[in-house]
Amino acid sequence: MASPDPNALQLRSSDGVLVPISYKAAQQSQILAHMIEDVDAHGMTEIPITEVDGETLKIIVEWCVAKAKEVAAELARLEAANVEKARRRHERAQARAAAKEARRAERAAAYERGEEMQESEPESEGSDSSSNAGPRPLIEAEDPHAPIIDEEPFVPPRWRDNFLKNLSKEQIFNLITAANFFDIHDLFEACAKTIADTIMSMSVEEMRGYFDVQGDFTAAEEAQMTQDYGWTEP
């Protein structure tokens, strides 16, 4: 029998199911992130989750794992972008230093030949040479503070769009309650949006059936209210 992963927590659901979750994945839940502190302080490796059943807990962990991978990928992308920016700035600095050294060497050579070199003056925007050269770029190539535009912008993964697609109504209801308990805001919002999209085109009666809501009025009372006001009609 394989030994449990020392880098993973064990979450025990209300129905006794043990679900492992890595520390990085657990950080995607505010509640689990706080629980980790207690686990480290008391040397615990198993956390009882009495408010959530095993099936729902597995879905929660699956979301946290996917979210942790998304966060790690985004951090890696930002780190790579920062490294690339630093490399380009270094290359620009080297190019400026090389150009400066070339001008210094040229002046020294001219001095040895007894020649006088005139320092080139920056051309005004209205000069002929400037107009012949075409429009000035918005950002000079040698500007050390010029922003670097990413050639391949980051595209968010599409896993969120499909995560809830195949879940039943009962699973969605259990999941939104669990997301609220675990304080996972984006999962809660995703569940809420799924429910909203589902009921958008439903009639009143269909919504009652979907949410299993029983009316407070008898059939005769509803018929009378429909006749009087009309707002109870589906």
If you stretched the chain out fully between residue 66 and residue 101, how much longer would it get, using 0.36 nm times the residue separation minus the C-alpha to C-alpha distance?
-> 7.4 nm
What pairs from 85/193; 67/193; 67/169 go past 29 Å between their alpha carbons?
-> 85/193
In nanometres, what is the gap between the two model label sites at residue 159 and residue 51, each 7 Å from Cα along Cα-to-Cβ?
-> 2.5 nm
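Grab the other residues whose beta carbon is less than 9 angstrom from that of residue 179, score K and R as +1, D and E as -1, and report the net.
Working: positive: none; negative: 183, 186, 189.
Value of the local net charge: -3.
What shape does the range 167-228 have by the C-alpha gyration tensor, where a ≥ b ≥ c are the square roots of the eigenvalues, rounded means a/c under 1.5, and otherwise prolate means a/b greater than b/c and oblate the rest? Can you show the working numbers first?
Numbers: a/c = 3.33, a/b = 2.61, b/c = 1.28.
Prolate shape, in that a/c is at least 1.5 and a/b is the bigger ratio.
All of the numbers you see were taken from the coordinates with simple rules; none came from a lab. The structure presented is a predicted model; accordingly, all values stated were derived computationally and were not measured. Note that each Cβ is placed from the backbone with ideal geometry, even for glycine, and that neighbours are counted across all protein chains shown.
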